[in-house]
4 protein chains.
Amino acid sequence: MPADRDMGRRRRSRGKGRIDGFSDGVFGVAITLLVVDLAIHPPGTALQQVLHAWPAYLAYTISFLTIGGAWLLHNALTEQLARTDPVFLRLNLLLLLVVVFLPFPTRLVAEALHNPADERVFVTMYGLTLLVIRLLGFALDAYARYEHLYAPAEEGEEELRTSQRKFLPGVIGYVITIIIGLFLPTAAVALYFGIAVYLVMPFRDVARLVFRGS
Amino acid sequence: MPADRDMGRRRRSRGKGRIDGFSDGVFGVAITLLVVDLAIHPPGTALQQVLHAWPAYLAYTISFLTIGGAWLLHNALTEQLARTDPVFLRLNLLLLLVVVFLPFPTRLVAEALHNPADERVFVTMYGLTLLVIRLLGFALDAYARYEHLYAPAEEGEEELRTSQRKFLPGVIGYVITIIIGLFLPTAAVALYFGIAVYLVMPFRDVARLVFRGS
Amino acid sequence: MPADRDMGRRRRSRGKGRIDGFSDGVFGVAITLLVVDLAIHPPGTALQQVLHAWPAYLAYTISFLTIGGAWLLHNALTEQLARTDPVFLRLNLLLLLVVVFLPFPTRLVAEALHNPADERVFVTMYGLTLLVIRLLGFALDAYARYEHLYAPAEEGEEELRTSQRKFLPGVIGYVITIIIGLFLPTAAVALYFGIAVYLVMPFRDVARLVFRGS
Amino acid sequence: MPADRDMGRRRRSRGKGRIDGFSDGVFGVAITLLVVDLAIHPPGTALQQVLHAWPAYLAYTISFLTIGGAWLLHNALTEQLARTDPVFLRLNLLLLLVVVFLPFPTRLVAEALHNPADERVFVTMYGLTLLVIRLLGFALDAYARYEHLYAPAEEGEEELRTSQRKFLPGVIGYVITIIIGLFLPTAAVALYFGIAVYLVMPFRDVARLVFRGS
């Protein structure tokens, strides 16, 4: 299909540089906005107030790791791109839309961890948002592979492959935790923390560092 | 006019890289700020509060698509630029000024969708802002063509041409919806959503994807 | 002094790319933060509330033009840079510190334009901030010239020269307006708007555009 | 260990460009968010209110200098990088997580400087955050050296060496000040200001500028 390949070449370098800059800006702001909602409230001494806000710190950390993890994937992904196309640019916008939305349910969860009655609804909303970020990150990667947007180079794909390998366990983890969260919302938050750490942690590299000497 | 061409060459690469970085920063922050105003309010159960905030989600999505669409145009536009000039840089600042302003009427519309009395004013203000963003995006493109700021390359213009083709329908749609909004503000918000989707959606590419197999 | 020149060469490309990205981020966020404080307040109909907020729109526009103008200068300046040095990077941080501070007095002026009693203090604070931004922008340019940080290229200096030519009138304008503001704060705000337009407007290019046909 | 070197080469350019853009975005937003919390409060005349907010200005300036200083180190560091690896990218995320957190204790200190009872807790929390930023900045540099991520070039390392030389005095200064802050929190804030200035100030270059003529 030479006509198609030709169209491909005509679209070659479209938007490659800007998609990085814009996405970095959005990721960077979304990750920073999480801290705007950190606050302490009476009653109690100053120390009690600071410690009592632990759910906010936890929700903040989970969301930070999730956005950070989405950025790591996005970074690995755009690095492999040889070109973009209109659909890819829109899928990317969709991913950013949900990333930017995350501080909102994060705030709700942080506020609700002391109000068990509301907790169930907010934790479910939070889990769904985390799941959709993961799905859209995968969709972006899958579309780029389907449309041959990646450069044929063999280098640097490790992060992408790790992300693909962790995709199914991550999604299964999210779905199970969303169901658990309907009954035990606080436990679900702890599990979301575990999933976030699992998805971000580079186990192989850490193992390599630890066992290098031996 | 060789003197003029010479002046042009002397201004060749001015501001090309920085206009991307700065504009990406502004677009990225403006698009993220939309979420800061998302909030839920009593009365009702947690679920009712979350669902009751639908106008905020709708206004947020329309504004996100509008800023995202403006960025797509901006991205395609600066990619074609061979150089910038002082007037272009100022027109760009003007566009950014209105893009950055959008979260404000978005917030007003989101708050007013439950207060029909105020709705008319805010929805009109919102529609005018959307219209001006579209007009300034077009002005930027028109100025770049008038002053021959684009590189002569034939590649990658598809997104610009699509944007130009959709310009007149978009403006007519906005003007009609602004008039409708004076009488039926809630209907106007639904129409703004439709326009935003129309302007961002790459119909050809989607059709290509869907009908490829057949 | 060959040793000095050699040290210069060793510092050649230090921080050139990053100073753009970081500064663009800060300028972009500062300019967007201005809109966060836009708000309307009862009493009155929705339309009256929107119109009654005009001082906020005015202060917002002046600050936008001032930060935008500082960015234009910064953009022209870093484009000419062949290298940076530690002092230049710190001077740049100092400029950014004051740019980032501007939304604060902007907010105070916007709130005070309806409270004449407080207005004098806030308008003075606002004028001093605008003046310091101008002085630091000039200091950055002066330091770069003094330390020969600019590339010897002849191209693209027009924006820098325009900025240098407008520096003294701008500073005199600010100082006079700060004094006027002690007695007539509302008039001073109008004058700050005039100065901002004067500093940003590219008169020559506009004249060239207007008189081209004749 | 040629296999190891080969793996290194395969990871060569991974994430180099994006780590700059994303980190610049996060640093830029975090530094700008500091100003969102600046506010004045009754009672008193406008002038008294503005002056009475001095602790907020001081905390804002210390945090600005700290984030600015971390950026200077980060800038010098990434400039020397030949490549990144998964662990480095995660260490970088960890540094950003704490940088983004800084506006929160800054706000608490600013509010507490007029409430001596709470001050001790918040100033300790503030000092610990400043210390952790310093430690993680150093860890990033140490890891890059340990894993040979730096390019072998001899140029431009001055800023990194200065930072390494100031590391131990800085950490000792922070630890002593944290202890002092348990008893004299206001004095500790003044000391944090001193440390921030010490860490950012390029003494050699200033001396060079001052004594050049003589």
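In square nanometres, what is the average projected area of the Cα convex hull of chain B? List each step's numbers first, then the result.
Numbers: hull surface 60.0 nm².
Quarter of the Cα hull surface area: 15.0 nm².
Taking trypsin sites (Lys or Arg not before Pro) as exposed when DSSP calls them loop (any state but H, G, I, E, B) and at most 16 other Cβ atoms lie within 10 Å, what is the longest stretch of chain B free of them, the sites themselves excluded?
On the way: sites that count: B:12, B:212.
Within chain B, the longest run free of exposed trypsin sites (Lys or Arg not before Pro) spans B:13-211.
Per-residue mean of other chain beta-carbon atoms within 10 angstrom of the beta-carbon, peptide B:122-135? Don't skip to the end; give the middle numbers.
Values: counts 5, 0, 3, 3, 0, 0, 0, 0, 0, 0, 0, 0, 0, 0.
Whole-number average of other-chain Cβ neighbours for B:122-135 is 1.
Please quote Rg/Rh for the protein assembly as shown to two decimal places, taking the Kirkwood radius as Rh and restricting both calculations to Cα atoms. Write out the running numbers ahead of the final one.
Numbers: Rg = 26.7 Å, Rh = 28.3 Å.
We get a ratio of 0.94 for the protein assembly as shown.
Can you put D:29, A:50 in order of Cβ neighbours within 10 angstrom, beginning with the fewest? Provide the component values of the computation, followed by the final result.
On the way: D:29 30, A:50 19.
Ranking D:29, A:50 by Cβ neighbours within 10 Å, fewest first, gives A:50, D:29.
Pop out the ³J(HN,Hα) list for region B:188-194 in order, Karplus 6.51 cos²θ - 1.76 cosθ + 1.60 with θ = phi - 60°, rounded to Hz; leave Gly and Pro as x.
These are the phi-based 3J(HN,Hα) values: 4, 4, 4, 5, 4, 4, x Hz.
Could you work out, residue by residue across C:33-42, how many beta carbons of other chains sit within 10 Å of that residue's beta carbon, and then give the average as an integer? Write out the running numbers ahead of the final one.
Values: counts 8, 3, 11, 8, 2, 6, 3, 7, 0, 0.
Across C:33-42, the average partner-chain Cβ count within 10 Å equals 5.
Report the calculated FRET efficiency for residue D:117 and residue A:204 (r = Cβ-Cβ distance, R0 = 56 Å), to the nearest 0.05. The partial results should precede the final answer.
Working: r = 50 Å, r/R0 = 0.89.
According to the calculation, E is roughly 0.65.
How big is D for region D:60-160, in µm² s⁻¹ as a whole number, if Stokes-Einstein is applied with the Kirkwood radius of its Cα pairs at 10 °C and 1.306 mPa s?
Values: Rh = 14.8 Å.
D = 108 µm²/s.
Could you pull the copy-to-copy label distances for residue A:147, with points set 7 Å along Cα to Cβ, in nm to one decimal and sorted shortest first?
Between copies, matching label points for residue A:147 lie 3.2, 3.2, 4.5 nm apart.
How high is the relative contact order of chain D, given as a whole-number percent (alpha carbon pairs under 8 Å, six or more residues apart)?
Numbers: 204 pairs, mean separation 54.1, N = 214.
Taking the mean separation of contacting Cα pairs over the length of chain D, I get 25 percent.
With +1 on each Lys and Arg Cβ and -1 on each Asp and Glu Cβ, how big is the dipole of the protein assembly as shown about its Cα centre, in debye rounded to the nearest 20? Before the final figure, lay out the partial values.
Values: 80 positive and 72 negative charges, 365 e Å.
My answer is approximately 1760 debye.
Can you work out the Karplus-derived ³J(HN,Hα) for every residue in region C:95-110? Use 6.51 cos²θ - 1.76 cosθ + 1.60 with θ = phi - 60°, whole Hz, and x for glycine or proline.
4, 5, 4, 6, 4, 5, 6, 4, x, 5, x, 4, 4, 4, 5, 4
Evaluate E = 1/(1 + (r/R0)^6) for residue A:94 and residue B:151, where r is the Cβ-Cβ distance and R0 equals 30 Å; express this FRET efficiency to the nearest 0.05.
Efficiency, rounded to the nearest 0.05: 0.50.
Sort B:189, A:26 so the one with the fewest other Cβ atoms within 10 Å of its own Cβ comes first.
Details: B:189 24, A:26 29.
Fewest-to-most ranking of B:189, A:26: B:189, A:26.
Could you estimate the translational diffusion coefficient of region C:150-214 from the Stokes-Einstein equation, with Rh from the Kirkwood formula over C-alpha pairs, at 20 °C and 1.002 mPa s, in whole µm²/s? Walk me through the intermediate numbers first.
On the way: Rh = 14.0 Å.
Rounded to a whole number, D works out at 153 µm²/s.
In what order do D:180, C:31, A:67 fall by count of nearby beta-carbon atoms within 10 Å, going from fewest to most? Walk me through the intermediate numbers first.
Details: D:180 16, C:31 31, A:67 27.
By the 10 Å Cβ count, ascending, the order reads D:180, A:67, C:31.
Given points 7 Å out from each Cα along the Cα-Cβ axis, report the residue B:211 to residue D:41 separation in nanometres with one decimal.
Placing both labels 7 Å beyond Cα along the Cβ direction yields 6.5 nm.
Distances from residue B:179 to the same position in the other copies: list them in nm, one decimal, shortest first, using label points 7 Å from Cα along Cα→Cβ.
5.6, 5.6, 7.9
Once you average over the residues of D:185-193, how many Cβ atoms of partner chains fall within 10 Å of each Cβ? Please report the intermediate quantities before stating the final value.
Details: counts 0, 0, 0, 0, 0, 0, 0, 0, 0.
Across the residues of D:185-193, the mean count of other-chain Cβ atoms within 10 Å is 0.
Output, in nm with one decimal and in ascending order, the distances from the residue D:52 label point to the matching label points of the other copies (7 Å from Cα along Cα-to-Cβ).
Ordered by distance, the counterparts are at 2.6, 2.6, 3.7 nm.
P(r) for region A:95-214, please, calculated from all Cα pair distances in 10 Å bins and given in %.
Percent of pairs per bin, in order: 12, 36, 29, 17, 6, 0.
Would you pull out the residues with amide H under 5 Å of residue C:81's amide H, same chain only if 5 or more places away, H placed 1.01 Å from N?
C:151
Whats the longest run of chain C with zero GluC sites (Glu not before Pro) that are DSSP loop and have at most 14 other Cβ atoms within 10 Å? All intermediate terms of the calculation are to be shown ahead of the outcome.
On the way: sites that count: C:154, C:155.
Counting at most 14 other Cβ atoms within 10 Å as exposed, the longest clean stretch of chain C is C:1-153.
Once R0 is set to 56 Å, what does the formula 1/(1 + (r/R0)^6) return for the Cβ-Cβ distance between residue B:161 and residue C:82, expressed as a FRET efficiency to the nearest 0.05? Each step should come with its number before you reach the end.
On the way: r = 39 Å, r/R0 = 0.70.
Computed FRET efficiency for residue B:161 and residue C:82 comes out at 0.90.
Can you compute 3J(HN,Hα) from phi for each residue in region B:164-175, using the Karplus curve 6.51 cos²θ - 1.76 cosθ + 1.60 with θ = phi - 60°, rounded to whole Hz and x for Gly and Pro?
Per-residue couplings from phi come out as 5, 5, 8, 4, 5, x, x, 5, 4, x, 4, 4 Hz.
We did not get these values from a lab; they are worked out from the coordinates using the rules stated. Please read all numbers here as calculations on a predicted model, not as lab measurements. Quick reminder, even Gly has a Cβ in these numbers, built from the backbone with ideal geometry, and neighbours come from all protein chains shown.
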